[in-house]
Structure formats: structure tokens, C-alpha cells
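What follows is a single structure, written as C-alpha cells, with notes after it.
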Amino acid sequence: MNKFLLSAALLLGAATASQAGRLQGVTMSGAPAVTIRGGFSQSLPLQADVIITNNSGRSLRLGLQRQVRTEVPGSENNFCFGVNCYPPTTTTAPAQITLTNGSTDNSMVLDYTPNNMPGITIIRYALYEQGTQDSTYITVTFDASQRALATTASKAPESVLSQPWPNPAAAGIISELTYTLPANSRGAHLVLVSMADGRRVRDILLPVTLAEGLVRFRTDGLAAGIYSCLLLSGADGRGELLAARRLQVQ
């Protein structure tokens, strides 16, 4: 009898383990990892807007769970999912969303308020299918380690990153900057970050084969305001912050 119970328990454990896995056909923009930068003294929260796409071939009932990896004491993080938004005390969204095959959902909004506390908070958000153990995730690093975004990098020589031109820039025009990468560079990104909420609004991969060059981007779709132009090392755009400039869009 005991042997039978033990065998049944082992079989049940094996069946449960076999159900757990990656949620196939579902993607989140920015996954598996994204960094949102801002200043710890800014009044508006740093924010990541995540678009969920379902190409699994079937309709899915999806839930979201927040998993805090490291957190700056005194800071605050909230998230929205579906029609509701949740405070720091909520780990798992009580309400799920239904996403039909071939459709997208843009209700997932992740924000972080530094509350004048410098530091870096890292949170993993797991998107899972209800009734299974299948999931996929995105890890968001909220970097508010400086009082104002990129204060040190803004002092980098213009030979590393020029001032954007024209500046101020009208909506719907082409803005450009020149750049020089360090020796033995493995690539870099030019990233535009909204100073209003810390969102990445442009992420341009620079050619690995060019140690220096000219990068152009259009200002279409950018709201009037101030943007940081960040030169980030690394092919994934999550390396060292080499230089920063400010661009005003009118």
C-alpha cells in the first residue's frame, strides 16, 4: 500500500513538472529585459509600456505576477493589467485578460516612483496562462541612481556624441547626431528617453563595423517635451552609458 502511494505521488509530481514550461507563441515587447532610466528627484514615475502579442494559435486567459528582485527602500512600484491598476501590496493581478489568437493587448503598464530615493530597483513580471504553469516574463530595471538623468554622461566630449541638430526640433523632421565608439566596441545603441516619464521612445542599433558615424531619426510621434539622447555600449543596448545629450521637441 505504501509503495503504491509513493508511486502515485511520484507520477503526480512528474505530471505536474511536465506541465510547467515556457508560454509558447506569446511575446512581450522589450522582453526578456529592459532598462528604464530616470532621475530620483523627478516628480513623474518612470514607466514601461509593454505590448503583449498572442500568436499561439488559440485564445488564452492570461494573468500577471510581479516578482521583486531588488528594491530601493522608500520607492514605490505599481502596475496596470487589464482594466485595473494595482498598488505595491498586490503581487498577482486578481483579474486576468483574455487574448484571442493574432491579437495584442497594451494594458500592461509598469511604473516606478523613486520618491527622491536614489538607486536601482529590479522587478520581474511573469505572464502566465491560467490553469497551467506555462509562463513567460520580462525583467525591468528601473535605474534612478542619479538626481537628474545622465548628469555625468552629459559632460562627455562632443567627439563621443555631438549635440542633436536641429535643436529644438519640430515634430515630423529628421534629427541627427554624430558619434564615436570606444576601441574594441561590440556595438552600441542610440536611445531616446522621455524626460517626462522615463520611457524609451526610440532605440536605434548602430552598425558594429563603424567606429564613428552619423545617426538620423525622425521626430514623428514624439510629444512636445525634453528627451535624453543616450549613447549606450553593447549590442543589446544595456551596457555602459557613454554620453548623453538633450533634445527639445516642439
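Which strands (runs of 3 or more DSSP E) sit wholly inside the stretch 35-102 and have at least 2 residues that are modelled with pLDDT of 95 or more and charged (D, E, K, R)?
60-70
If you go through the stretch 1-16 one residue at a time, do you hit one that is of a type outside the set (S, T, N, Q), modelled with pLDDT of 85 or more and not in a loop (DSSP other than H, G, I, E, B)?
Going through the stretch 1-16, the residues of a type outside the set (S, T, N, Q) turn out to be 1, 3-6, 8-15.
Cutting the leftovers down to modelled with pLDDT of 85 or more gives us none.
Scanning the stretch 1-16 turns up no residue that is of a type outside the set (S, T, N, Q), modelled with pLDDT of 85 or more and not in a loop (DSSP other than H, G, I, E, B).
In the stretch 100-110, what residues are surrounded by fewer than 21 Cβ atoms within 10 Å (Cβ to Cβ) and closer than 20 Å to residue 86 by Cα?
105, 106, 107, 109
Could you count how many residues in the stretch 156-193 are buried (at least 21 other Cβ atoms within 10 Å of the Cβ) and at pLDDT below 85?
Within the stretch 156-193, residues that are buried (at least 21 other Cβ atoms within 10 Å of the Cβ) and at pLDDT below 85 number 1.
The rows are residues; the columns are (1) modelled with pLDDT of 85 or more; (2) within 19 Å of residue 181 (Cα to Cα); (3) more than 17 Å from the chain's Cα centre (by Cα).
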site: 199; (1), (2), (3): no, no, no
site: 204; (1), (2), (3): yes, yes, no
site: 215; (1), (2), (3): yes, yes, yes
site: 219; (1), (2), (3): yes, no, yes
site: 223; (1), (2), (3): yes, no, yes
site: 234; (1), (2), (3): no, yes, no
site: 245; (1), (2), (3): yes, yes, yes
site: 249; (1), (2), (3): yes, no, yes
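Go through the stretch 202-222 residue by residue and tally those that are in contact with a Leu (Cβ under 6 Å, 6 or more places away or on another chain) and surrounded by fewer than 17 Cβ atoms within 10 Å (Cβ to Cβ).
2
Can you run down the residue pairs with Cβ atoms below 6 Å, 6 or more apart or on separate chains, where the first is in the stretch 170-185 and more than 11 Å from residue 233 (Cα to Cα) and in a loop (DSSP other than H, G, I, E, B) and the partner is at pLDDT 90 or above and among the β-branched types (Val, Ile, Thr)?
Pairs that qualify, where the first residue is more than 11 Å from residue 233 (Cα to Cα) and in a loop (DSSP other than H, G, I, E, B) and the partner is at pLDDT 90 or above and among the β-branched types (Val, Ile, Thr), are 171/219; 173/219.
Kindly establish whether residue 147 is surrounded by fewer than 18 Cβ atoms within 10 Å (Cβ to Cβ) and closer than 28 Å to residue 40 by Cα. Before you say what the answer is, go through the steps one by one.
Values: surrounded by fewer than 18 Cβ atoms within 10 Å (Cβ to Cβ): yes; closer than 28 Å to residue 40 by Cα: yes.
For residue 147, the condition - surrounded by fewer than 18 Cβ atoms within 10 Å (Cβ to Cβ) and closer than 28 Å to residue 40 by Cα - is met.
Does the stretch 103-134 hold any residues that are polar (S, T, N, Q) and in a loop (DSSP other than H, G, I, E, B), and which are they?
Going through the stretch 103-134, the residues polar (S, T, N, Q) turn out to be 103-104, 106-107, 113, 115-116, 121, 130, 132-133.
Selection gives 103, 115, 116, 130, 132, 133.
The values are calculated or read from the model by the stated rules, or taken from the named source; none is laboratory data. What you see is a predicted model, and the numbers here were worked out from it, not measured in a lab. Cβ: placed from backbone, ideal geometry, glycine included. Neighbour counts: every protein chain shown.
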